[in-house]
Structure formats: structure tokens, C-alpha cells
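A.B. asks: The structure's right below; bear with me while I get my questions together.
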Amino acid sequence: MKLKLGFSPCPNDTFIFDALVNGKIDTKGIEFDAVLEDVETLNRWALEEKLDVTKLSFPAYFKTKDQYALLNSGSALGKGVGPLLISGRRQPFSEAAINNATVVLPGVNTTAHLLFSFAYPNAPHKSFGVFHEIEDAVVEGRAELGVIIHENRFTYQDKGLVKVTDLGEYWEQAMNVPIPLGGIVIKKSLGDAVFNQVDTLIRKSLQYAFDRYPEVSAYVKEHAQAMSEEVMRKHIDLYVNDYSLDLGSEGRAAVDTLSEVYSRLHTNA
């Protein structure tokens, strides 16, 4: 069996999937055709049902629950891992100022957008771009505020930018559950047996990486662009954890809570 698999080139995803796609574990007769893309592209492809197995943001999963099932392994979920609202202006922003400001976000279907909307439901001046271009959009004055994710959490201060709000911290304090960022889903049409087999393989692939950490593999480095190994490890340490091995009841409860917030915000929209 050959399955088309999508995930991002970010270190947390390449760390998880390296062994799976590069023949480092026995995949039990399943061949994975890997496609690496920005998460918002993967979100859009999930809406179009292009991939058999894919990483996606949880709001995209909420839109595709009839077509895709959430695997237990591979998710990005935790505490202290949320997106940051940043600015080039060092003076504090009031809530009214944020509501009136222009904000650039990393995609309509991203969890970052949902968490920003949860914190600031009355902020309408939003635009969307690729996540790694958001810092420059704020630096160059094309937006007053930006919501950053991934490795940009570790680099924004180098560009003279400052944190306005930790949107993950806001979520944790308000809801008292971990922050669900993204998950791995599989087409329901493939059936329960394939679900279970792929779920087990992703867990084995991640365990293979954990067993060799803090070694960073050539595959992770290859897709990490100009990122230093220190930043790669910070990225992995932040986004890959026990929830990535298995969501468990606590992880799935957090996803359900986010789903309820998503439904409420879209009902009121």
C-alpha cells in the first residue's frame, strides 16, 4: 500500500517523520510518499482531500471531521507552546488599540488565527501570509502587529520586535487545558486497520528519534534552512513531547475544548 503523507519542513515534523519516510523503521508493507509544505497549504489540501495522511491545524481538522480521523500520535500540543502576538512598537498596546490595529497572521485555518480570535474577537483588520514572512511584514511596517509561530518564537527579538501577548498563555489561563496546535489525520475511508497501523508506525518513528536525541538527523537539518542546531533543538523541545507520542484522554479533551471554542466563534461570526 502507498499512502500520500503531508507534513511541514519544520524541525518538529521532520523529527517525528524522519524514521518513517527514510526507511529507518519497518513500515510493515506501507510505502509513504512524503510531501513537505507550509501548514496552511496542508490545511487547504486537507479541505480538498488531497492527502491520505496529513499534518494540519486543528481548525482545518474541525472542518474535515467527516473525511478525516485524528490519529493518537504525531500531534503538536502542550503548555507554553502557543503563538505570540508581536509588534515593533515598545509601548504597551491596550485592547482597544489591538482591535484597531492591522494584524498579519499565518493563515485563515491555523490555530494561531483561532487563538488570536479567541483573545481578540473584536479585531477585524486581519491579513494573512506565510508564517516565516510575518516578522518582516511587521518590521517593514506593512502591519502594526503580527502573530508568529514555529521557530519565529526564538528569533523575533533579534529583529527588534517585542511580545504584546502570549496567545497560548491567554488560552491556558482562560481554559485550563493544554494548547492544541496541530494534529495528524488519516482518511476515514482507509478503514480502522490502516488507522491503527499508521498510528503505530508514527509512534515508532518518533520513539526512534527520541531514543537518539539530542542528536539532530541530517533529514531535520536539510529542511531547517538556515536555522542553527540550537534553534532546531529549542523547536523540538517546545513542540514534541509525550502528547506527540499519544494524545491520551487529556490531549483529546483539550482538542474538544478548542473545537467548542471554534464552533462558538464561528456561530457568533
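The values are calculated or read from the model by the stated rules, or taken from the named source; none is laboratory data. Remember, it's a predicted structure, so these values are computed and weren't measured experimentally. Quick reminder, even Gly has a Cβ in these numbers, built from the backbone with ideal geometry, and neighbours come from all protein chains shown. For the accessible areas, the whole protein counts, side chains as well, though only heavy atoms, and no ligand, DNA or RNA atoms are used. Shrake-Rupley method; radii C 1.70, N 1.55, O 1.52, S 1.80 Å.
A.B. asks: So Ser217 ticks every box in (1) among the small types (Gly, Ala, Ser); (2) touching an Asp or Glu at 6+ places or on another chain (Cβ under 9 Å); (3) modelled with pLDDT under 95 but one. Which box is left unticked?
C.D. replies: (3)
A.B. asks: Considering Asp256, Asp246, which residue is open to solvent by 10 Å² or more (accessible area, probe 1.4 Å), closer than 25 Å to Val35 by Cα and not polar (S, T, N, Q)?
C.D. replies: After ruling out the rest, the residue left standing is Asp246.
A.B. asks: OK, next. Sort out which residues of segment 112-124 are outside any helix (DSSP H, G or I), open to solvent by less than 50 Å² (accessible area, probe 1.4 Å) and not hydrophobic (A, V, I, L, M, F, W, C), and write them in order of number. Full working, then the answer.
C.D. replies: Just the residues of segment 112-124 that are outside any helix (DSSP H, G or I), to begin with: 120-124.
Going one step further and asking which of them are open to solvent by less than 50 Å² (accessible area, probe 1.4 Å), we end up with 120, 123.
Answer for segment 112-124, where residues must be outside any helix (DSSP H, G or I), open to solvent by less than 50 Å² (accessible area, probe 1.4 Å) and not hydrophobic (A, V, I, L, M, F, W, C): just Tyr120.
A.B. asks: Working carefully through the options Phe62, Phe32, Phe58, find the one that is within 28 Å of Glu133 (Cα to Cα), touching a residue at least 24 places away in the same chain (Cβ under 8 Å) and either open to solvent by 10 Å² or more (accessible area, probe 1.4 Å) or of a type in the set (Ser, Thr, Tyr) (or both).
C.D. replies: Checking each option against the conditions leaves just Phe62.
A.B. asks: Let me ask something else. Given the condition loosely packed, with under 15 Cβ neighbours inside 10 Å and either among the polar types (S, T, N, Q) or under 22 Å from the mean Cα position of the chain (by Cα) (or both), answer yes or no: does some residue in segment 103-111 qualify? Working first, answer last.
C.D. replies: Residues of segment 103-111 loosely packed, with under 15 Cβ neighbours inside 10 Å: none.
No.
A.B. asks: Name every residue in segment 165-179 that is among the polar types (S, T, N, Q) and assigned to a loop (DSSP other than H, G, I, E, B), in order of residue number. Please lay out each step first, then the result.
C.D. replies: To start, the set of residues in segment 165-179 that are among the polar types (S, T, N, Q) comprises 165, 173, 176.
If the condition is that a residue be among the polar types (S, T, N, Q) and assigned to a loop (DSSP other than H, G, I, E, B), then Asn176 is the only one that fits.
A.B. asks: Which numbered condition in (1) in contact with a helix residue (DSSP H, G or I) (Cβ under 9 Å, 6 or more places away or on another chain); (2) more than 30 Å from Lys28 (Cα to Cα); (3) in a helix (DSSP H, G or I); (4) open to solvent by 60 Å² or more (accessible area, probe 1.4 Å) is the only one that Gln225 fails?
C.D. replies: Going through the list (1) in contact with a helix residue (DSSP H, G or I) (Cβ under 9 Å, 6 or more places away or on another chain); (2) more than 30 Å from Lys28 (Cα to Cα); (3) in a helix (DSSP H, G or I); (4) open to solvent by 60 Å² or more (accessible area, probe 1.4 Å), Gln225 breaks only (3).
A.B. asks: Taking the criterion of being polar (S, T, N, Q), within 24 Å of Tyr170 (Cβ to Cβ) and in contact (Cβ under 8 Å) with a residue 40 or more places away in the chain, would at least one residue in segment 215-235 satisfy it?
C.D. replies: No, every residue in segment 215-235 fails to be polar (S, T, N, Q), within 24 Å of Tyr170 (Cβ to Cβ) and in contact (Cβ under 8 Å) with a residue 40 or more places away in the chain.
A.B. asks: For residues that are outside any helix (DSSP H, G or I) and either of a type outside the set (A, V, I, L, M) or in contact with a strand residue (DSSP E or B) (Cβ under 7 Å, 6 or more places away or on another chain) (or both), scanning just segment 211-222, find the one that is most open to solvent (accessible area, probe 1.4 Å).
C.D. replies: By that ranking, first place goes to Glu215.
A.B. asks: Here are Glu49, Glu95: which of them is at positive phi and open to solvent by 10 Å² or more (accessible area, probe 1.4 Å)?
C.D. replies: Numbers: Glu95 fails: at positive phi.
Going through Glu49, Glu95 in turn, just one is at positive phi and open to solvent by 10 Å² or more (accessible area, probe 1.4 Å): Glu49.
A.B. asks: Next up: Consider Gly183 against the criteria (1) open to solvent by 20 Å² or more (accessible area, probe 1.4 Å); (2) within 18 Å of Tyr243 (Cβ to Cβ); (3) not in a helix (DSSP H, G or I): it satisfies all of them except one. Which criterion is unmet?
C.D. replies: (1)
A.B. asks: If I go through segment 134-179 residue by residue, how many of them are over 20 Å from Asn100 (Cβ atoms), among the hydrophobic types (A, V, I, L, M, F, W, C) and under 20 Å from the mean Cα position of the chain (by Cα)?
C.D. replies: 7
A.B. asks: Cβ contacts < 6 Å: first residue under 20 Å from Ser259 (Cα atoms), restricted to segment 87-111; second residue hydroxyl-bearing (Ser, Thr, Tyr) and assigned to a strand (DSSP E or B), any location; separation 6+ or different chain. Result?
C.D. replies: Close Cβ pairs satisfying both conditions: Asn109/Ser57; Thr110/Ser57; Thr111/Ser57.
A.B. asks: For segment 38-88, which residues satisfy the criterion of being of a type in the set (Val, Ile, Thr) and assigned to a loop (DSSP other than H, G, I, E, B)?
C.D. replies: Correct list: Thr64, Val81.
A.B. asks: Which residues, counting only those in segment 125-156, are part of a strand (DSSP E or B) and open to solvent by less than 20 Å² (accessible area, probe 1.4 Å)?
C.D. replies: Result: Leu145, Gly146, Val147, Ile148.
A.B. asks: Does at least one position in segment 66-74 carry a residue that is of a type in the set (Asp, Glu), at pLDDT below 95 and out of contact with any Phe, Trp or Tyr (no Cβ under 8 Å at 6 or more places or on another chain)?
C.D. replies: We begin by selecting, within segment 66-74, every residue of a type in the set (Asp, Glu); these are 66.
With at pLDDT below 95 added as a condition, the list becomes none.
For segment 66-74, residues of a type in the set (Asp, Glu), at pLDDT below 95 and out of contact with any Phe, Trp or Tyr (no Cβ under 8 Å at 6 or more places or on another chain): absent.
A.B. asks: Under 7 Å between Cβ atoms, at least 6 apart or on separate chains: pull out the pairs that start in segment 126-141 with a residue that is within 17 Å of Met227 (Cα to Cα) and end on any residue that is open to solvent by 70 Å² or more (accessible area, probe 1.4 Å) and of a type in the set (D, E, K, R).
C.D. replies: From segment 126-141, the pairs are Glu135/Lys159.
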